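Have a look at the structure below, then the notes.
Only the coordinates and a few stated rules stand behind these numbers; no lab work does. It should be emphasised that the depicted structure is a prediction, and the values quoted were computed from it without experimental measurement. When we count neighbours, we look across all protein chains shown, and the Cβ atoms used for this are built from the backbone with ideal geometry, even at glycine.
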Amino acid sequence: MSDTPSGDRVIIIGAGPGGLAAAMLLAHAGLDVEVVEKRDRVGGRTSTIEADGFRFDLGPTFFLYPLVLERIFRSVGRDLRAEVPMERLDPQYRILFGSKSQLICTPDVERMQAEMAKIAPDDAKNLPRFLDDNRVKLAKFRPALESPFLKWSSLLSWDLIKLLPAIRPWASVDDDLKRYFADPRIRLAFSFQSKYLGMSPFNCPSLFTILSFLEYEYGVHHPIGGCASVSEAMAEVATELGARISLNEGVEEVLFEGRRAVGVRTNRREIMADSLVINADFARAMTKLVPDHIRRRWTDRKIEKKRFSCSTFMMYLGIEGVEDQLAHHTIYTAEDYIANLGDIESRHVLSADPSLYVQNASVTDATLAPPGCSTLYVLAPVTHLHSNVDWQHEAPRFREVVMRQLRERFGIRDLEKRIRFEKVVTPVDWESEYDVYRGATFNLAHTLDQMLHLRPRNRFEDLEGVYLVGGGTHPGSGLPVIYESARITSRLLLNDHGRKVEWLEDREPDFAEVRG
Ligand SMILES: Cc1cc2nc3c(=O)[nH]c(=O)nc-3n(C[C@H](O)[C@H](O)[C@H](O)COP(=O)(O)OP(=O)(O)OC[C@H]3O[C@@H](n4cnc5c(N)ncnc54)[C@H](O)[C@@H]3O)c2cc1C
């Protein structure tokens, strides 16, 4: 059965963070919005795994720079903090450098300098300069992150030449940090965040030193109930604003008249629309839902040649007891971190001593597990799908490697016999269960040749009436920029529909307001 568009009908494929933020903004502006989501819940990679009284975040656990989402909530007349209580973590995380040393990272600059001084006294002195320089860098680059990059000339209008000294595109994150910190462990503490983009700090453009800056300046937050609670609140608000969210409904094909998208065919029906917003993983959606021959720039062959982020091997453990000695976030970096990165990005093999991140959120949030129990979320960055690794064969073995790391590096005792619930997600599952191309959990890599106007554009250049939101388009992967993509895309779409965009949040943000 098909139905008729009213003139302002928008379909959003996918209820991930980008899709939900766009649904809020577009429904608030008065468009007729329907979100079609394949899975049984909202949030995409920012959703939950719930079983036996345990609740885990599937993906994001670091909620950074809430400012962007706060602006979106404010612009639809709501208050994010009232909808989702959050705690700012202090310390924000603990980093274990192989078996040799550790750093307890706190947003309090003086205490952080004291911590740094324990392993590198000279570097500690340079923390204020690093923060000052990155404050300037973010302020200069922020307009670029908030604008659409629809063509080459957009680069000129931002006068990027003037930004070059601040952004230093020729340098990597690690190179840039050498200007402040001589000790490689300190550099690691301010550069492991490039893993949020699925990249090594040795390849990641130096612009992204702003990631660690954002943590120290604006905090690492834990939304109570996990980051998925944020997605759930967004879905509720979008629905209250009039958007319809249909779960368990997968889009199987985008319908076209020529190159103009006119609707979608799902597993249940045909739905016609005036505009289509794709939030599903970009590469996966293109190769599965849109015929190859009508695309020009992003054909299957070209997508195949792009650089993709790493993937992750995940373990979600519901356990008896609470690990009081373990911080909310702990990052273990391999003894030979550089070799570990090479295994992930170049050699595409599994490391014997993998880096590992563990979230022990029950020390902050009692809502996640039954009384006397807790949740452990374990993430090992690994290669995206590659013929070198046969996960069917490797998953049980790699699980044992991870269990050994938890025992020996994190000091978690008797773990095996305390497990009440366990789920493992491999790169194969990311692709088959969660529709992520090559299991590359952080989308297209953020190399300079795949950013700004060179990333798939928010008003999608290959098709008519098609827009993109989420980690696959500009500005990139990571929740704050994904929410920003929804603002950019919604603005373009509303303009194309002849609607005036008058969002409250267009005033300059009051940064002091969001530091707390
Ligand atoms: C393990 C992991 C850890 C991460 N950690 C962090 C972190 O700590 N902080 C941070 O800021 N970011 C983090 N990220 C990155 C990023 O913020 C999330 O991946 C985010 O959820 C991506 O949002 P998105 O809008 O691109 O859409 P997605 O979350 O990818 O959602 C897309 C939606 O589209 C749906 N869909 C797909 N195909 C179809 C179809 N054919 N029909 C209908 N629906 C479809 C999917 O089911 C999904 O619900 C992490 C990601 C992962 C995977």
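Here the peptides 427-436, 402-411, 377-386, 467-476 are ranked by packing, the mean other Cβ count within 10 Å, and the order with the highest first is 467-476, 377-386, 427-436, 402-411. Computed with the Debye formula from one identical point scatterer per Cα of segment 322-431, without solvent, the log10 of I(q)/I(0) at q = 0.14, 0.16, 0.19 Å⁻¹ comes to -0.61, -0.78, -1.04.
The distance linking segment 414-449 with segment 18-97 is 19 Å (Cα centroid to Cα centroid, whole angstrom). Annotation: average projected area of segment 232-286 is 4.6 square nanometres, based on the convex hull of Cα atoms across all directions. Where both bridge residues fall in the chain, DSSP classifies roughly 70% of the beta bridges as antiparallel.
The amide H of residue 12, built 1.01 Å from its N in the peptide plane, has 34, 35, 36, 277 as neighbours under 5 Å, considering only residues 5 or more places off or on other chains. Values of log10 I(q)/I(0) for segment 221-328 across q = 0.10 Å⁻¹ run -0.51, by the Debye formula with one identical scatterer at each alpha carbon and no solvent. Cross-link check: pairs 288/423; 38/288; 140/500; 137/178 evaluated at a Cα-Cα cut-off of 22 Å; pairs beyond the cut-off: 288/423; 140/500. Within segment 1-121, the proportion of Cα pairs with more than 22 Å between them is 57 percent. Taken over the C-alpha atoms, the chain has Rg and Dmax values of 22.1, 70 angstrom.
The angle separating the long axis of helix 127-145 from the principal Cα axis of greatest extent in the chain is about 10 degrees.
Pairs of C-alpha atoms in segment 400-442 farther apart than 11 Å represent 70 percent of all such pairs. Kindly provide log₁₀ I(q)/I(0) values, in the same order as q = 0.12, 0.13, 0.15, 0.18 Å⁻¹, from the Debye equation applied to equal alpha-carbon scatterers of segment 360-516. With no solvent term, the Cα-only Debye profile gives -0.82, -0.91, -1.04, -1.17. Stretching the chain fully between residue 432 and residue 297 yields a gain of 46.0 nm (0.36 nm per residue, less the alpha carbon separation). Extension gain for residue 51-residue 387 works out to 117.7 nm (0.36 nm per residue, less the C-alpha to C-alpha distance). Over the chain, DSSP H runs of length four or greater, each weighted -39,500 (n - 2.57), average out per residue to a 222 nm ellipticity of -9500 deg cm²/dmol.
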